[in-house]
Structures are given as structure tokens and as C-alpha cells.
Amino acid sequence: MGEIIKVAMPKGRIYKQAAALFREAGLSIPSDVDESRRLVISLPEIGMEFIMAKPVDVPTYVEYGVADIGIVGKDVLMEENRDVYELLDLGIARCRMSVIALPDWKPGIHQRVATKYPNVASQYFREQGQQVEVIKLNGSIELAPLIGLADRIVDMVETGRTLKENGLVEMESIFEITSRLVANRVSYRMKNGEIQAVCDALNRVIQGTGIES
Ligand code: PRP
């Protein structure tokens with residue numbers, strides 16, 4: 001039996017999809033883990049310990065090596081810019097990062113953009129040669145153009161339902177988002193066999209070749 005792998009798992013909606021993928025890969029997470037409020041969950045039967053993290057903090061735990069691997073959205077990786085090793089595109093939690101506005105939006109003199117992703121937004125508008133003031137919000141970003149805090153927003157679009165119900169339009173898609181498997185650089189060397197085995201098992205599911213018999 002190899003070493004225990006510490007896994008930073010995102011709490012909330014990505015967890016369900018990630019857990020389903022693990023189970024398909026033959027990593028049988030007991031069902032009581034799904035509803036548990038425990039934050040550190042030991043799973044010796046699959047050689048893992050789960051660290052139940054707020055999704056945005058996953059790259060931080062992995063960079064500092066308190067988690068060996070983690071599951072995190074490309075949106076968070078782009079925003080947080082942490083030094084982690086991206087191993088695999090898991091293809092789950094698929095959505096996109098977009099620029100959004102009211103349908104009658106026109107470029108003004110002083111433009112304000114609200115977002116949960118200030119680094120992503122600043123970089124994007126800098127590359128576009130547009131000077132904007134970026135305002136950081138922590139949620140319900142679509143409110144900003146509706147109540148006049150900002151002209152545009154940079155946010156995730158999944159089904160497009162939030163936009164539609166609030167009368168907003170997607171002006172441009174900046175990049176596609178999916179969840180990724182990431183590893184701490186030192187852990188990847190020290191626990192290479194164990195981490196590579198998890199990566200291969202997940203990859204077989206993603207490639208549709210199922211679990212190894
Ligand atoms: C996310 C995102 C959008 C919405 C997109 O918000 O910020 O608001 O989901 O999904 P849709 O295209 O399927 O409607 P989330 O629910 O995470 O909450 P938040 O507003 O607090 O960020």
C-alpha cells in the first residue's frame with residue numbers, strides 16, 4: 001500500500017461531479033461523505049484524505065503542500081495564479097468566462113466593470129487596450145449593471161439562465177472553464193506513483209475507457 005494522498009476537494013456544487021468521477025474511476029468514496037460537514041475526512045480504503053475546501057482556496061492548499069492534489073476550476077486557477085502543476089482536464093463543471101452587459105451598452109468615458117475575478121478582468125481589458133475601473137464583488141455579480149454600479153461585468157456563464165432572467169447579454173466569451181486536477185510540485189515527485197495512478201484512473205473515465213479490470 002502506498003502513501004496516503006491528501007486531496008483538496010471543492011465543497012459545494014463541484015463536489016458532486018468530482019465525487020461521481022472518482023467513483024467511476026473505482027475510487028469508492030462512501031456515500032456518507034457527500035452529506036458530511038467534516039472538513040478533514042480520512043479514507044484509508046482508497047488511500048486518501050479529503051480536505052473539504054472552499055473552491056477558491058484549493059490552489060492555495062495545493063501550492064503550500066498541505067494538500068498533495070486538488071480539484072479546481074480553470075476560473076480559479078486563472079484568477080489565483082498559484083504555483084501548482086496542472087495534471088488533467090477533468091471535463092466537469094463546464095462553463096465559460098464572459099463579458100456581460102445590458103443590451104443597450106455603449107462604451108462611455110469612465111467605464112466600470114464588476115467581477116469576482118479582478119485579475120482575470122484586469123488582464124483581459126488591458127490586452128484589449130481598454131481602460132476600465134474594476135470593482136471586486138463576491139457574488140450576485142449580475143446585480144451590478146442592473147442597479148448602476150458597473151457598465152459591464154466579467155462572470156461565469158453556464159446555462160445562460162441568470163443572464164436571461166435579468167435581461168443581460170453575453171458580449172464576448174473570454175475562455176472556456178472546466179475543473180482541473182492539480183498537484184503540488186514536490187508531492188508530484190515524492191508521491192509520483194500514487195498520484196499518477198489516480199490521474200490515470202480518472203483519465204480512463206474521461207477518455208471513456210472505464211476502470212481497469
Ligand atoms: C454563478 C455565476 C452566474 C451563474 C451562471 O453564480 O456567477 O451568476 O452562476 O450560471 P447560469 O448561466 O447557469 O445561470 P453562483 O450561482 O455561483 O452564485 P454567485 O452569484 O454568488 O457567484
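Quick check on my filter: what residues within the range 128-145 are within 12 Å of the ligand (Cβ to nearest atom) and either touching a Leu at 6+ places or on another chain (Cβ under 9 Å) or not β-branched (Val, Ile, Thr) (or both)? The answer is Leu137, Asn138, Gly139, Ser140, Glu142, Leu143, Ala144.
Within the span defined as the range 180-198, one or more residues are in the same structural domain as Asn81 (by TED's automatic domain parsing), outside any helix (DSSP H, G or I) and small (Gly, Ala, Ser).
Taken over the range 92-123, the residue count meeting the criterion of being closer than 20 Å to Gly160 by Cβ and away from the ligand (no atom under 16 Å from the Cβ) is 3.
All of Ala121, Ala114, Ala144, Ala150 fail the test of being surrounded by 17 or more Cβ atoms within 10 Å (Cβ to Cβ) and in a loop (DSSP other than H, G, I, E, B), apart from Ala150. In the range 94-113, the residues that are within 14 Å of Gly148 (Cα to Cα) and without any contact (Cβ under 8 Å) to a residue 60 or more places away in the chain form Cβ pairs under 9 Å with partners that are of a type in the set (Phe, Trp, Tyr) and not in a loop (DSSP other than H, G, I, E, B), at six or more places apart or across chains, as follows: Gln111/Phe125; Val113/Phe125. Here Lys164 fulfils each of the conditions (1) within 11 Å of the ligand (Cβ to nearest atom); (2) surrounded by 12 or more Cβ atoms within 10 Å (Cβ to Cβ); (3) not hydroxyl-bearing (Ser, Thr, Tyr) apart from (2). Cβ-Cβ distances below 7 Å connect the following pairs, each with a first residue in the range 157-171 that is of a type in the set (Ser, Thr, Tyr), a second residue that is within 8 Å of the ligand (Cβ to nearest atom), and a separation of six or more residues or different chains: Thr162/Glu142.
The values are calculated or read from the model by the stated rules, or taken from the named source; none is laboratory data. Fair warning: this is a prediction, and the values are worked out from it, not measured in the lab. Virtual Cβ from ideal backbone geometry, glycine too; neighbours counted across all protein chains shown.
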